[in-house]
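Below is one structure, written out as structure tokens, with a few remarks after it.
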Amino acid sequence: MSVIGKIVTLLRGSARELGESIVDANGVRIYEQEIRDARDAIAQAKNDLAGVMAKEMQSAREIERMRAEIERLEKLAVEALNKGKPDLAEEVAARIAEQEAELERQTQLHADYALQSNRLKDLIKTSEAKIREHEREVQMAKATESVYKATQSIADNIVSSGSKLVSARESLDRIKKRHEDLADRMTAADTLDRDLGTKALEIKLAEAGIGEDIQRKSKVMARIQARQAAVESKA
């Protein structure tokens, strides 16, 4: 293959790939437009069906009219024979033959209209069922596409902000470290105060039963016990 031929082949392949990528990127919208076009086509088909059904009804009325006319002519032919006018009866018979031939054509036309009407009805029902199926597929495709886009967006954000997340995590760890250090310092300070500070002496006095709080507690307890004894003596 010549160089020019290879270039042409490459351009053709690139154009096809570009076209496919455009179609794939707008696949849902294209699909929806095709469904709308199909809906429009069905609407036109229903309009055509209405015209065919109207012709069918018109032909049915024409058949009834022609049958009534043939019956009327037959009565006239019988009356002509009864009055001794066979020539006139033959003329009427010729008219009846023409009417019957036209009736046959009209009957066949009516049957054709009925057949076409039934076919159109079946075709429209089938097409509408397929369109409803395609519409469900479009909704599923749109929902799936939304989920994929959301997932991709989350993934992209995590990748693009990976360093930020690491930095934020490190900051959080440092904050926790400071909190733990502060809690340890407060615990150590309280321990020192209990062992060496003013609290140490108060704790030792309390353990020995010495101090105002202990005496106050003892007086309250003695008062309560005396009141209980008085109540029991009265009883």
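Bear in mind these aren't lab numbers, they're just calculated from the coordinates by the rules spelled out. Predicted model, so just to flag it, every value in this text is computed and none were measured. Using ideal geometry, Cβ is built from the backbone for each residue, glycine included, and neighbour counts are taken over all protein chains shown.
Hey, which of these cross-link pairs are over 24 Å Cα-Cα: K55/K130; K46/K130; K55/K125? In this structure, K55/K130 exceed 24 Å between Cα atoms. Rounded to the nearest 0.05, the FRET efficiency derived from the C-beta distance between E100 and N47 at R0 = 30 Å is 0.30.
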